[in-house]
Amino acid sequence: MQSCEISSDSTDDPLSSALHRQRQPRIVVIGAGLAGLVTTKTLLESGFTNVTVLEASDRIGGRVQSIQHGKTTLELGATWIHGANGNPIYHLAEDNGLLEHTTEEERSVGRISLYTKNGVAHYQTNNGRRIPKDLVEEFSDLYNEVYELTQEFFQNGKPVGAESQNSVGIFTRDVVRKKIMLDPYDSESTKKLKLSMLQQYLKVESCESSSPSMDEVSLSEFGEWTEIPGAHHVIPAGFIKIVEILAQDIPSRVLRLSKPVHRIHWNCSSHDTEEIVDQVDHNQDQRPSHSPVCVECEDGECLLADHVIVTASLGVLKKAHETLFSPGLPLDKAQAIQKLGISTTDKIFLEFAEPFWSPECNSIQFVWEDEAQLESQAYPEELWYRKICSFDVLYPPERYGHMLSGWICGEEALRMERCDDETVAEICTELLRQFTGNQNIPKPRRILRSSWGSNPYIRGSYSFTRVGSSGRDVEKLAEPLPYIKNTKAPPLQVLFAGEATHRKYYSTTHGALLSGQREANRLIELYQYSFGETTKPNI
């Protein structure tokens, strides 16, 4: 891996020498998550020297956040490398000796616990009874059969019936319910139990999609998300190691932390640029040569740029795009931001002095028997805890101790974030007692939670294709500004990267990484250079 520390007057590197025949383009990257870091790394390795990264928070990594908890590392954000065959994150981890194999499952459906490939999930009802394993397997087979049907609408071009309202949740609930009710061999009590399990499965699916409810996920587009073949993996030392590898050769002068951006002025004339700098940045000693973009930071500093690469999350764009860009975004891009979905999936880690679960238990799944006929999984504010779908057992105990990881998504996750640790710990303890029937479960000795929804620089966990949106909206979000039809304006002034801009791999770390390489490649090609073999995405 070549060093990114390139002297501004070096003539040893042919790429750098060629770039210096003309003024080095000023490039500003907004965000130091995976997309922003790989963009910066790729540009520096290709000879660009005038690159600045502006990160709003006080750390790098974005939605990768590994926390040291005693002797172990817990992931508040990205946890698994999903698929191995051709996954650039996997190869980066493998090349650096970071991997641990977890499971052979190649499909996300039924992937209830990924911390261990051993053991069995315990499906417990709110009446304190465990659902028999054979009944769970029977229902799981039925659910997976219908899940396969949801993939066919996009993959096989099947027409979507009006009764489904183009919703994965509505379609799945309707088809599964009909199959359950038509089963001539099940008793009424068994049918009710299976209908209750359906609600729990849909909650798990919502957490995996990071949607408020599967009712909001587009049926016609669901099958476009592409799963990379191969096993899933974790990084015992922390996913943050991937971030550190990407950042290790980026000079400290390039990375500027705690530097939130207020506004991006683009398509500026020379007069516009001077006026903005005069109004905002009174400390500008020299008037630099004209650039079409001016990045105005919240602290009043202005950075002039030829190109700005925005890697902010879809949640941030939804909240701020109307004020973040001047002039405002084109209508079709603004509509794409509005139509695409992003929600919050949070984790709740509970640490116990001793396990109260049996050795073969790899997760505790919450099945509410009174939800068999539930039509909406949106709960009143005081019942937010009903959205907690499960607790995984972290494995192995030699690494994690006796730890559970709970999952919650949607508006209910935001309500959980507003509670204090003591309240959440008490509620989770009561739930575990109720569902296991064990009233002697003690309160956890420690609790740790994520809060992606209320983080002002993130505002959600990852994106999904909402009802009414499509992959075309993802592509529109990724399209640089100004649009190519405007041939008089300088090209590629504002570029967009991040997981929400990758049509096939949205919601993933590899999608984020590949989107960053994609945008760096646009600039490299603009200046008539192409990636070396080592930086081509192998996917």
message = Can you confirm whether Ala320 is under 19 Å from the mean Cα position of the chain (by Cα), surrounded by 19 or more Cβ atoms within 10 Å (Cβ to Cβ) and hydrophobic (A, V, I, L, M, F, W, C)?
response = no
query = Among (1) more than 12 Å from Ile240 (Cα to Cα); (2) of a type in the set (D, E, K, R); (3) in contact with a strand residue (DSSP E or B) (Cβ under 7 Å, 6 or more places away or on another chain); (4) at pLDDT 65 or above, which single condition is Glu94 missing?
reply = (3)
request  = Filter the stretch 392-418 down to residues that are open to solvent by 40 Å² or more (accessible area, probe 1.4 Å), under 15 Å from Ile364 (Cα atoms) and not aromatic (Phe, Trp, Tyr), then give me how many there are.
outcome  = 1
message = Pairs needed: first member in the stretch 466-486, basic (Lys, Arg); second member anywhere, modelled with pLDDT of 95 or more and open to solvent by 20 Å² or more (accessible area, probe 1.4 Å); C-beta distance under 7 Å; at least 6 residues apart or different chains.
response = Arg466/Glu216; Arg466/Lys339; Lys476/Asp332
ask   = What number of residues within the stretch 288-339 are of a type in the set (S, T, N, Q) and more than 25 Å from Val38 (Cα to Cα)?
value = 5
request  = Mind listing whichever residues of the stretch 357-391 are within 27 Å of Gly119 (Cβ to Cβ), open to solvent by 50 Å² or more (accessible area, probe 1.4 Å) and at pLDDT 95 or above?
outcome  = Tyr385
ask   = Looking at the stretch 419-473, which of the residues that are part of a loop (DSSP other than H, G, I, E, B) and among the aromatic types (Phe, Trp, Tyr) is surrounded by the fewest Cβ atoms within 10 Å (Cβ to Cβ)?
value = Tyr457
query = Here is a list of conditions, (1) assigned to a helix (DSSP H, G or I); (2) open to solvent by less than 30 Å² (accessible area, probe 1.4 Å); (3) in contact (Cβ under 8 Å) with a residue 40 or more places away in the chain, and Ile228 meets all of them except one; can you say which number that is?
reply = (1)
ask   = Given the structure, is Ile67 open to solvent by 20 Å² or more (accessible area, probe 1.4 Å), modelled with pLDDT of 90 or more and assigned to a loop (DSSP other than H, G, I, E, B)?
value = no
task = Run Phe222 past the list (1) farther than 29 Å from Cys294 by Cβ; (2) buried (at least 21 other Cβ atoms within 10 Å of the Cβ); (3) in contact with a strand residue (DSSP E or B) (Cβ under 7 Å, 6 or more places away or on another chain) and report the number of the one that doesn't hold.
result = (3)
remark   = Among the residues of the stretch 449-460, the number that are in contact with a strand residue (DSSP E or B) (Cβ under 6 Å, 6 or more places away or on another chain) and more than 16 Å from Tyr385 (Cα to Cα) is 1
inquiry  = List pairs: first residue in the stretch 395-422 and on the phi > 0 side of the Ramachandran plot, second residue among the small types (Gly, Ala, Ser) and surrounded by fewer than 23 Cβ atoms within 10 Å (Cβ to Cβ) anywhere in the structure, Cβ distance under 8 angstrom, at least six positions apart or on different chains.
reply    = Gly401/Gly70; Gly410/Ala378
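Here is a yes/no grid of residues against (1) surrounded by fewer than 16 Cβ atoms within 10 Å (Cβ to Cβ); (2) at pLDDT 95 or above; (3) within 28 Å of Lys319 (Cα to Cα):
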position: Pro236; (1), (2), (3): yes, no, no
position: Ile240; (1), (2), (3): no, yes, yes
position: Arg253; (1), (2), (3): yes, yes, no
position: Val261; (1), (2), (3): no, yes, yes
position: Ser269; (1), (2), (3): yes, no, yes
position: Val280; (1), (2), (3): no, no, yes
position: Ser289; (1), (2), (3): yes, no, no
position: Glu296; (1), (2), (3): no, yes, yes
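The values are calculated or read from the model by the stated rules, or taken from the named source; none is laboratory data. In this text, all values refer to a predicted model and were calculated from it rather than measured experimentally. Positions of Cβ are backbone-derived with ideal geometry, glycine not excepted, and every protein chain shown enters the neighbour counts. Only protein heavy atoms, including side chains, enter the accessible area calculation; ligands, DNA and RNA are left aside. Shrake-Rupley method; radii C 1.70, N 1.55, O 1.52, S 1.80 Å.
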